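**Q** Below you'll find the structure I mean.
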Amino acid sequence: MVIVEQLVKTYGPVLAVDHISFAVQAGEVVGLLGPNGAGKTTTMRMLTCFMPATSGRVRVAGYDVFTDSAAVRRQLGYMPENVPLYPEMRVSEYLRYRAKLKGLRGQALEERLRFVIDACELGEVRTRINDQLSKGNRQRVGLADALISDPDLLILDEPTIGLDPNQVRRVRELILELGRHRTIILSTHILSEVEMMCQRVIIMHQGRIAAQDTMANLRSSTKRLYRCEVKAPARELDLLLRALPGATEVTLTEQGGWAHGTLRCALPDTDPREQLGAAVRAKNWALRLLDVHEPTLEDAFVEITAR
Amino acid sequence: MRNFWTLYKRELLTLYLTPTGYIVMCVFLGVLGWVFWLLVRVLNLPDMVKIDTDVFSIMFGGTFFYWIVLAAISAALTMRLFAEEYRTGTIETLMTAPVSDTQVVLGKYLAALSFLLLMWAPTVLYVVVLGRYATVDYGVVFSGYIGTALLCAMLTALGLLVSSCTRSQFVAFFVSFVIILMLFSLNFMQNIVSPGWRALYQYVSVLEQFKEFSAGVLDSCSFVYFISVTLLLLFATVKSVESHKWR
């Protein structure tokens, strides 16, 4: 559905997007993650034909965004960051206008309008003026606008930012529902959201793609964190932990005669707990805690973007 | 074409939904009514009656008010068109819809121009009122309206171009207002330049080109002038909108 090849965008001397390449298959829900200023919004703007790339190529549904921009724009629904709306228009008036711009007319327009107002729960505010909408309602009007032409590809820039937890949940459910029949690329800062909605994530950092993989692979390639509490001299335990295969980031604290040790294991398939248990037993130390913390997407994100 | 109509209708609706449109309309009709009343009174003074002057040949381009008001209202009506889209970011949703830059520019342009021309509609009443009490040279009235329409077309295009270059309505207003006044002042330049250049200044001077219309003459040369400048400005606006993407 979307093929990005060696995409570059510079703003004057600033390199905002640096030779990124990725592909999104039809029907996939992909999360675009990254710290602020990583180039997510710039990338989305290039995908939606709002900005041309400095170099590189983007193809959406077989059309080039630069040479077949109109054809690409007919395929997609885009919800920009902060959802800009015309302040003087009413909600239904605005959506009708957007539908017409996207080529809908007559019966088809009325049906889609009814559907998006229903799906985005805008029934109560349909006669309100855009300027007087709450943040949550603005967000939903933006989503309704992106959906109105029933596009195959949805590009959503931070769709749940500024919503309260109930609204976040409803928008998330809506996106999950939509994602069954559509390709969705969404950017967000909220990692738990990505874990719930996306099959795959692309993590951007300083204009480059730092990682792109499925959620499970990303987690399994992240170092696990092991913790232990042993009644032993801290220095000796430290030496023992460091000697374990693949051990990195060993930390030790001591409290009431108990040494609290943590370590990360750089070898994804190795679990050092058995070896550690055996070593502790051999020394005749008391062991009261030995566990593993499975990495979350947040751990993966921090590990990748802190490099 | 259908996109053009959608864009055109939205722009026109916005002009009628926001206070700017009404303020401009009130100022415009207030000033024009005042000028009309003043002219009728002055031309009826005993000393003036002997001079055979038509009210409308003065009203169209013959007073300082006409030019200032036109400069101000065209700048005020066009200032919002692109500047506001850039400031609020709605340009992003607009340009990612399947519309072309030319459709957007023409939609906005013709909406502002329609509003501006519709504002002149009530002034037809002046002609009707005066026609009941005096003889009116309808030829002058007709050419005056044609000339004004052409002038409005040009000034609206200029205001639109300026609006497409900034994110601030305020800047857009003042820059277009000043450029329009400079354009009007070209007329005085012909007095200071060498005779060789005079013909050029005479041709590019808006006031000079407009004289024919207020005299009741429809000169094809003036038509070519106003229409070609308008098209050039619109072309520049399309390019300016395109260039925003590259920044």
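Each value in this text was obtained by applying a stated rule to the coordinates, not by laboratory testing. Since we're looking at a predicted model, the values are computed, not measured. Don't worry about glycine lacking a Cβ; one is built from the backbone with ideal geometry, like all the others, and counts go over all protein chains shown.
**Q** Kindly work out what percent of the DSSP beta bridges joining two residues of the protein assembly as shown are antiparallel, to the nearest 5. Please report the intermediate quantities before stating the final value.
**A** Details: 42 of 59 bridges.
Beta bridges within the protein assembly as shown, antiparallel portion: roughly 70 percent.
**Q** Evaluate the distance, in nm, between pseudo-label points positioned 7 Å from the Cα of B:Ile23 and of A:Ile161 along their respective Cα→Cβ axes.
**A** 3.1
**Q** With both bridge residues required to lie in chain A, what share of the DSSP beta bridges run antiparallel, to the nearest 5%? Don't skip to the answer; put the middle values down first.
**A** On the way: 42 of 59 bridges.
Here the share of antiparallel DSSP bridges comes out near 70 percent.
**Q** For a quick protection proxy, order the peptides B:138-147, A:291-300 by their average other-Cβ count within 10 Å, most packed first.
**A** Numbers: B:138-147: 19.6, A:291-300: 15.6.
Listed from highest to lowest mean packing, they are B:138-147, A:291-300.
**Q** List the lysines whose Cα sits under 28 Å from the Cα of B:Lys9, skipping any in the same chain fewer than 8 residues away.
**A** A:Lys100, A:Lys102, A:Lys135, B:Lys108, B:Lys239, B:Lys245
**Q** Using a Gaussian network model of chain B whose springs link C-alpha atoms within less than 10 Å, name the residue from B:Ala76, B:Ala97, B:Ala215 with the highest mean-square fluctuation.
**A** Among B:Ala76, B:Ala97, B:Ala215, the largest GNM mean-square fluctuation belongs to B:Ala97.
**Q** Rounded to the nearest Å, what's the spacing between the alpha carbon centres of the range B:123-169 and the range A:147-162? Just the number, please.
**A** 45
**Q** May I ask you to list the trypsin sites (Lys or Arg not before Pro) in the range A:179-255 that are in a DSSP loop and have at most 16 other Cβ atoms within 10 Å of their Cβ? List each step's numbers first, then the result.
**A** Working: sites: A:Arg180, A:Arg182, A:Arg200, A:Arg208, A:Arg219, A:Lys223, A:Arg224, A:Arg227, A:Lys231, A:Arg235, A:Arg242; in loops: A:Arg180, A:Arg182, A:Lys223.
Sites meeting the loop and neighbour criteria: A:Arg180.
**Q** Additional query: Inside 10 Å of the C-beta atoms of B:94-107, what's the mean count of C-beta atoms belonging to other chains? Write out the running numbers ahead of the final one.
**A** On the way: counts 5, 7, 16, 15, 13, 5, 2, 0, 0, 1, 1, 0, 0, 0.
If you average over the peptide's residues, the count of other-chain Cβ atoms is 5.
**Q** Another question, if that's okay. Search the structure for amide H atoms under 5 Å from the amide H of A:Ile202, placed 1.01 Å from N in the peptide plane, and list their residues when 5 or more places away or on another chain.
**A** Amide H to amide H, under 5 Å and 5 or more residues apart or across chains, A:Ile202 pairs with A:Gly31, A:Leu32, A:Leu33.
**Q** Over the range B:1-146, calculate the relative contact order: mean separation of alpha carbon pairs under 8 Å at least 6 apart, over the residue count, as a percent. Write down the numbers at each step before the final one.
**A** Details: 81 pairs, mean separation 62.7, N = 146.
Reported as a whole number, the value is 43 percent.
**Q** With N set to the residue count of the range A:45-88, report its C-alpha Rg divided by 2.2 N^0.38 Å to two decimal places.
**A** On the way: Rg = 11.9 Å, N = 44, 2.2 N^0.38 = 9.3 Å.
The range A:45-88 yields a ratio of 1.29.
**Q** Given 37 °C and 0.692 mPa s, how large is the Stokes-Einstein diffusion coefficient of chain A in µm²/s, with Rh as the Kirkwood radius over Cα pairs? Write down the numbers at each step before the final one.
**A** Numbers: Rh = 22.0 Å.
Using the Kirkwood radius from Cα pairs, D works out to 149 µm²/s.
**Q** Still on this structure, please answer the following. For chain A, what does the relative contact order come out to in percent, with C-alpha contacts under 8 Å and a separation of six or more?
**A** About 19 percent, as a whole number.
**Q** Could you tell me how far the Cα centroid of the range B:61-119 sits from the Cα centroid of the range A:234-307, in Å?
**A** Going from one Cα centre to the other spans 67 Å.
**Q** Here's another thing I want to ask about it. Would you mind pulling out the separation of the Cα centroids of the range A:185-203 and the range B:192-224, in Å?
**A** 65
**Q** Same structure, new question: Can you give the relative contact order of chain B as a percent, counting alpha carbon pairs under 8 Å and 6+ residues apart? All intermediate terms of the calculation are to be shown ahead of the outcome.
**A** Values: 266 pairs, mean separation 67.1, N = 247.
Dividing the mean separation by the residue count of chain B yields 27 percent.
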